[in-house]
Amino acid sequence: MRKESIAGTSEGFQDLKNAMIEMPESKGAYVLVLSVKETQRLVIGRLGRFTFIPGFYGYVGSACGHGGIRARVSHHLASVGEPHWHIDYLLNFATPIEVWYALSDRKLEHEWAEMFQHSARFQTPIPRFGASDYHRSRTTHLFYSKQRPSFRWFEAKVREVFEPSIRPHQLALATSSAPDAGPGFCE
């Protein structure tokens, strides 16, 4: 059951529920930062079989429907029987540790994915992960880093590339369960 793998205990689950209350119900884009502790081999829908190595993964998504960012991220963190999105497969063993987000009526997810893709700080482990609705693109919305990524780096990049109305926010989901792989980028 995914709730247990994310929160660990009923106390941890309550902390997660409290954190989700802080998430806005507005439209926007988000980066779900995940920790993977052990190598895992996994089939991701029609994309195929992939190996996930220990480290940190950032998944870029958008939330344009009813309930906005809170509803979408809550779906990702909830226990589900059958995976709906590519990220749901990964969340069966990865630990969510943070959400970075910005409110916007504009769809930012593709531009944010390009921002990560052009950074030397991240690798792109699976082409088209989370981006299968962009049929002509080989872009991905999943990024890997051996070190824990830094919100400060992300915030600086968003402020550098986007208009001032796009203001990044950070929400911690787990602190004790995620391994610290040393200092993050741009600390």
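The values are calculated or read from the model by the stated rules, or taken from the named source; none is laboratory data. Since this is a predicted model, take the numbers as computed values, not measurements. So basically every Cβ, Gly included, is an ideal-geometry build from the backbone, and we count neighbours across all protein chains shown.
Yes or no: residue 11 surrounded by fewer than 19 Cβ atoms within 10 Å (Cβ to Cβ), modelled with pLDDT of 90 or more and either charged (D, E, K, R) or within 23 Å of residue 143 (Cα to Cα) (or both)? In short, no. Among residues of the range 151-173 being surrounded by 17 or more Cβ atoms within 10 Å (Cβ to Cβ) and out of contact with any helix residue (DSSP H, G or I) (no Cβ under 7 Å at 6 or more places or on another chain), the one that is modelled with the lowest pLDDT is 162. Close contacts from the range 76-97, counting a first residue that is over 24 Å from residue 150 (Cα atoms) and a second that is in a loop (DSSP other than H, G, I, E, B) and modelled with pLDDT of 85 or more, with Cβ to Cβ under 8 Å and a gap of 6+ residues or different chains, come to 83/92. If a residue has to be closer than 20 Å to residue 129 by Cα and assigned to a strand (DSSP E or B) to count, how many in the range 98-111 make the cut? Final tally of qualifying residues: 4.
Residues in the range 22-29: is at least one farther than 17 Å from residue 109 by Cα, in contact with a His (Cβ under 6 Å, 6 or more places away or on another chain) and either modelled with pLDDT of 95 or more or not acidic (Asp, Glu) (or both)? Within the range 22-29, not a single residue is farther than 17 Å from residue 109 by Cα, in contact with a His (Cβ under 6 Å, 6 or more places away or on another chain) and either modelled with pLDDT of 95 or more or not acidic (Asp, Glu) (or both). For the range 174-181, the criterion of being modelled with pLDDT under 95, surrounded by fewer than 17 Cβ atoms within 10 Å (Cβ to Cβ) and not in a loop (DSSP other than H, G, I, E, B) is satisfied by no residue at all. Every condition in (1) within 26 Å of residue 42 (Cα to Cα); (2) more than 11 Å from the chain's Cα centre (by Cα); (3) not in a helix (DSSP H, G or I) holds for residue 114 except the one numbered (3). Scanning the range 74-105 for residues that are among the charged types (D, E, K, R) and either surrounded by 16 or more Cβ atoms within 10 Å (Cβ to Cβ) or closer than 22 Å to residue 47 by Cβ (or both), we see that the one that is nearest to the chain's Cα centre (by Cα) is 98.
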